[in-house]
Every structure is written in C-alpha cells, then in structure tokens.
Amino acid sequence: MSKKTPPALLKGRGTNQLFSVLFSPTLLLGITGVGMLVFMASMWHRFIYIDDAFFGEQSFWLAKEGVVKTATLIDFLGCDHRLFSYHKLNIFIGALLIKVFGWSANPLRFATLVFLIGFLWVLYYFFKSNKDWFS
C-alpha cells in the first residue's frame, strides 16, 4: 500500500506560490494598466450614464448660472433650485472644464481618469509606506 502524494496546488507551498503569482505587484500593475488603457480607449464611444449624467448636469449648471442644481429631480427637496449636498471638488473641476472647453462629455470623462490616476497614486504610496502591515 502506497500513499499518493497530493498535487502541488493542494500542498501548502503550492498554494502560497499560486497566490504569490496571482497577487504579485507586477501582475496587478499589468492588469491595472490594461484596464486603464481599455478605459481610455472606450471614453469616446460610451453613452453618458449614472454618475456621468449627474456630474455633468451639476457642473453645467454651476458653469452656466453659478449655482449647483439638478433639473432632473424636479420638486424633490428643492434640488431643482439649489443643491447643497454634492461632491464639490468634482463639480468645481467639471465646471472649470466646461468653461474652458465648452459642453462636452469627453473633458468630464478625462477628469474622471485624472481622479482615478490620483487615487491609484495615493493607494500605491499608502501600501509602500505600510509594507510591513501587508506582507
């Protein structure tokens, strides 16, 4: 009677090797890079939806009238007259882009890409400075 040895992936060492490959910084950075390239390539062919619509509308009203509002929510807590709760940095940058480039969804999408790159940059330095917590 001989015991069969389990496959390498079922052993502890094999599982650790699998996870070290799947979650290696090189692979994750490559996946992130490909995702950003796909995002940039698809910017000009996507419909405006969900957050893009609200972000664009609120930025438009701020650039046009100097007041943030949303005309899509008529008679809902006065949102069609003035909106007090909104993402101020996003809306201010969106209004600035509308003033500079005119009304178009593409500059607003570019701002979203800049925010994504900024977030990934902060996340990278967070993990780099706290490497001992995550190793």
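Coordinate-derived values only; no laboratory data. Not measured: the values here are computed from a predicted model. Quick reminder, even Gly has a Cβ in these numbers, built from the backbone with ideal geometry, and neighbours come from all protein chains shown.
Which one of Val34, Pro107, Ser129 is farthest out on the positive end of the charge dipole of the chain, using unit charges on Cβ (Lys, Arg +1; Asp, Glu -1) and the Cα centre as origin?
Ranked along the dipole, the leading option is Ser129.
Using helices alone, I'd like the mean residue ellipticity at 222 nm for the chain: each DSSP H run of four-plus residues gives -39500 (n - 2.57), total over residue count, nearest 500.
Numbers: 5 runs with 83 residues, N = 135.
Rounded to the nearest 500, it is -20500 deg cm²/dmol.
For the chain, just the Cα set please: Rg and Dmax, both in angstrom.
23.1, 85
Projecting each Cα onto the charge dipole of the range 47-128 (Lys/Arg +1, Asp/Glu -1 at the beta carbon, about the Cα centre), which of Trp61, Ile74, Phe92 comes out farthest on the positive side?
Going by the charge dipole, the pick is Phe92.
Return the FRET efficiency for the residue pair Asp75, Phe127: r is the Cβ-Cβ distance, R0 is 41 Å, and the value is rounded to the nearest 0.05. Present the calculation step by step, with values, prior to reporting the outcome.
On the way: r = 46 Å, r/R0 = 1.13.
After rounding to 0.05, the efficiency reads 0.30.
Would you be so kind as to identify all helices of the chain, as entire DSSP H runs, whose Cα atoms reach 30 Å or more along the helix's own axis and whose mean Kyte-Doolittle hydropathy is at least -1.0?
Values: long enough: 105-129 (36 Å, 1.22).
Those that clear 30 Å and a mean of -1.0 are 105-129.
Multiply the residue gap between Met40 and Phe19 by 0.36 nm, knock off their C-alpha separation, and tell me the result in nm, one decimal place. Working shown, then result.
Working: separation 21, 0.36 × 21 = 7.56 nm, distance 2.94 nm.
So the extension gain works out to 4.6 nm.
So how strong a dipole does the range 14-135 carry about its Cα centre when Lys and Arg Cβ are +1 and Asp and Glu Cβ are -1, to the nearest 20 debye? It would help to have the intermediate numbers written out before the result.
On the way: 9 positive and 7 negative charges, 58 e Å.
It works out to roughly 280 debye.
Assuming a strict under-19 Å limit between Cα atoms, what lysine pair count do you get for the chain once near-sequence pairs (fewer than 8 apart, same chain) are dropped?
On the way: Lys3/Lys11; Lys64/Lys88; Lys64/Lys99; Lys69/Lys88; Lys69/Lys99; Lys88/Lys99.
Lysine pairs, 8 or more places apart or on different chains, close enough: 6.
I need to check one value: relative contact order of the chain, counting alpha carbon pairs closer than 8 Å and at least 6 residues apart, in percent. The partial results should precede the final answer.
Values: 83 pairs, mean separation 22.4, N = 135.
Relative CO of the chain lands at 17 percent.
Among 101-114, 23-36, how do they line up from the highest to the lowest mean number of other beta-carbon atoms within 10 Å? Intermediate results must be reported in sequence, preceding the final value.
Working: 101-114: 14.8, 23-36: 10.8.
Per-residue mean Cβ counts within 10 Å order the peptides as 101-114, 23-36.
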